[in-house]
Amino acid sequence: MIEIIFKQRALRDIKEAINWYHHQSVGLGYEFLNCVEDATDKIKDNPELYPVVYKILQRILLKRFPFSIFYLYEENKVYIISVFDNRGTGLLAFILQSKVIITLPWVINALGKTSH
């Protein structure tokens, strides 16, 4: 069975998006959360299905909302790194930022890989 582990950044991203959507329309934040849960379930069902966008970093797009979930997968563990708002600085900025994320010690330890 695959274990899903949300990193603090991802949890913060989700909370901020829920609050923003809730202020746009009551209940919309819950709909966003449901889309995150659906995408997480899809990752759990087949984590290798979604494209690698940078080295070992994979991405799934949310349905209905302009967000991506970025994650790392290794040995029955999925690390949700970020729930990224695609309307912001864009994928390139996230990938550049990910160079830092992927070299963090917990990532290297979790994956047993280097980021060269």
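Read the figures in this text as sums done on the coordinates, not as results from a lab. Note that the structure is a prediction, hence the values are computed from the model and not measured. Don't worry about glycine lacking a Cβ; one is built from the backbone with ideal geometry, like all the others, and counts go over all protein chains shown.
Measuring r between the beta carbons of residue 37 and residue 75 and using R0 = 30 Å, the FRET efficiency lands at 0.80.
Computed from the C-beta positions of residue 16 and residue 44, the FRET efficiency with R₀ = 25 Å rounds to 0.60. Here's how it looks for residue 86: its modeled amide H is under 5 Å from those of 67, 68, which are all 5 or more places away or on a different chain. The slack between residue 61 and residue 4, meaning 0.36 nm per residue of separation minus the straight C-alpha distance, is 18.8 nm. Neighbours of residue 82, meaning other residues whose beta-carbon lies under 13 angstrom from its beta-carbon, give a summed charge of +2 when Lys and Arg score +1 and Asp and Glu score -1.
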